[in-house]
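Peer 1: Take this structure first; my questions come after.
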Amino acid sequence: MAKRYWLMKCEPSAYTIEDLERDGRTSWEGVRNYQARNFMRDDMHVGDGVLFYASNADPSGVTGTAQIVRAGYPDHTAWSKGHKYFDHAKGEDSPVWYMVDIGFGQRFGATVPLETLKATPGLEAMAVTQKGSRLSVQPVTKSEFQLVVRLGRSR
DNA sequence: GCCAACGTTGGC
DNA sequence: GCCAACGTTGGC
């Protein structure tokens with residue numbers, strides 16, 4: 001299985017690359033979008049690379065990297081009553097929502113801002129640089145991943 | 001905080 | 001199956 005690459009968004013008020021550096025690894029629960037769910041359930045594999053993207057941040061952008069350390073498994077928070085991600089329509093017998101675990105990779109010296117991503121040749125096709133793109137889990141190519149890492153390391 | 005763009009829901 | 005209404009996302 002060839003290694004794949006992903007970009008995952010999170011608001012800093014929920015979780016940051018600094019949190020991941022401290023924790024070492026974390027579970028990526030709470031995704032309630034079918035397209036993102038499909039990527040996590042079907043296409044993510046241990047060892048895949050992840051660009052960690054801070055949304056609604058100042059500035060928004062890629063703050064570091066991670067890797068998949070556990071492939072897709074049912075998101076139990078969807079059927080935990082009272083949990084903030086509880087989804088009453090779904091039962092434990094037929095999981096609808098999935099999550100993965102990610103491990104810390106590296107923290108960039110500074111955020112690679114969205115503005116920079118948009119202005120960098122070779123990154124034009126990234127979903128995150130498209131207007132109106134809201135997908136919180138999205139595939140990126142190997143060259144896009146490597147380009148962003150290079151931008152991050154030089155900061 | 002504003003608001004445009006998007007995804008989902010539900011009436012018909 | 002259409003589409004208006006609604007809730008959410010996320011840049012600014």
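Nothing in this text is a laboratory measurement; each read-out follows from the coordinates by a stated rule. The structure presented is a predicted model; accordingly, all values stated were derived computationally and were not measured. Don't worry about glycine lacking a Cβ; one is built from the backbone with ideal geometry, like all the others, and counts go over all protein chains shown.
Peer 1: Under a Cβ-Cβ cut-off of 15 Å, what is the net charge of the residues other than A:Val50 that fall near it, where Lys and Arg count +1 and Asp and Glu count -1?
Peer 2: Within the 15 Å Cβ shell, the charges total 0.
Peer 1: For chain A, just the Cα set please: Rg and Dmax, both in angstrom.
Peer 2: 15.3, 48
Peer 1: I would also like to ask the following. If you add up the charges near A:Leu117, with Lys and Arg at +1 and Asp and Glu at -1, over every other residue whose beta carbon is less than 12 angstrom from its beta carbon, what do you get?
Peer 2: So the environment of A:Leu117 carries a net charge of -2.
Peer 1: Restricting to Cα pairs below 8 Å that are 6+ residues apart, what does the relative contact order work out to for chain A? Please round to a whole percent.
Peer 2: With pairs under 8 Å counted, the relative contact order is 31 percent.
Peer 1: Now a separate question. Total Lys pairs in the stretch A:5-147 closer than 30 Å by alpha-carbon, pairs eight or more apart in sequence or interchain only?
Peer 2: Taking the stretch A:5-147 as the scope, the lysine pair count is 11.
Peer 1: Pop the C-beta distance of A:Gln106 and A:Asp43 into the FRET formula with R0 = 41 Å and round what comes out to the nearest 0.05.
Peer 2: Approximately 0.95, to the nearest 0.05.
Peer 1: Charges only on Cβ, +1 for Lys and Arg, -1 for Asp and Glu: so what's the dipole of chain A about the Cα centre, in debye to the nearest 20?
Peer 2: So the dipole magnitude of chain A works out to roughly 300 debye.
Peer 1: Hey, what number do you get for chain A at 222 nm if only DSSP H runs of n ≥ 4 count, each worth -39500 (n - 2.57), divided across all residues, to the nearest 500?
Peer 2: -5000 deg cm²/dmol
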